[in-house]
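For reference, the structure discussed in these notes is given below.
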Amino acid sequence: MNVRRLLACALLLPALLLTARAQARSSSGDAAHRDLDAIGAPIRPMPVDPAIQRALAQIAPAHIQHTIATLVSFHNRSTLSSMDKDLPPGTGVTAAADWIASQFQQISDACNGCLEVKRDTFTQAPGTGPNARVTQPTTLTNVYAILRGSDPSQAGRMLLVTGHYDSRDSSNFDTHGEAPGANDDASGTAVSLE
């Protein structure tokens, strides 16, 4: 029984000390300055920017869904599939890259060449070690578009909207199995295109 009382006292003593310390602080006036009690002024909404409002009004959920469905239709967008010569036509990561570039180009054509559509293609050297993801020289392509601003004082600024368009199934090396990647990351690519 004495062991239980001793254990109970050992557990309660720190709590009692913390309570006493908190009461001492509140009586000294420090409690009025605690961060957790601070309340700031309400945040007032910014005025609506008409240009942003027009841009948001152009977002089309159906178009985003169509973009995701199109990317899924490439079946497997594994970056390693860029080296495969036996994929059915219109499938794989290279076909997806071509389609994304064509979408950026359509957007650019609709705004009188407002986008610079680019490809950054390079050969990834094989990794080393037992967990290497790339085991042979592999061609990789980043597809992107540049929309330049009109304010010369802001020319050095960049805003990036990104999404990766590759996908894979549970095996890193399976370039033929179904790997639709709707949420990883066709959805991110769809937002970038929208």
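Structural remarks
- Only Lys, Arg (+1) and Asp, Glu (-1) charged, at Cβ; the stretch 49-137 dipole about Cα centre in debye: 160
- Each peptide in 135-148, 173-186 was scored by the mean count of other Cβ atoms within 10 Å over its residues; highest first, the order is 173-186, 135-148.
- Phi angles of the stretch 154-160 translate, via the Karplus equation with coefficients 6.51, -1.76, 1.60 and θ = phi - 60°, into HN-Hα couplings of 9, 4, x, 7, 9, 10, 10 Hz per residue; Gly and Pro are given as x.
- Within the shell of other residues whose beta carbon sits under 14 angstrom from the beta carbon of Ile146, the net charge comes to +2, with Lys and Arg scored +1 and Asp and Glu -1.
- Take the Cα of Ile52, step 7 Å toward its Cβ, do the same at His176, and the gap between the two points is 5.1 nm.
- Contour excess over end-to-end distance, with Cα ends at Asp169 and His66 and 0.36 nm allotted per residue: 34.9 nm
- Ranked packing of 162-168, 111-117, 47-53, most packed first, by mean Cβ within 10 Å: 162-168, 111-117, 47-53
- Database remark: amide H of Thr139 closer than 5 angstrom to the amide H of Gln124 (H placed geometrically; neighbours at sequence offset of 5 or more, or on other chains; Pro and chain starts carry no H).
Every read-out reported here was derived from the displayed coordinates using simple, explicitly stated rules and does not represent laboratory data. Since the structure is predicted, the reported quantities are computational estimates derived from the model, not experimental observations. When we count neighbours, we look across all protein chains shown, and the Cβ atoms used for this are built from the backbone with ideal geometry, even at glycine.
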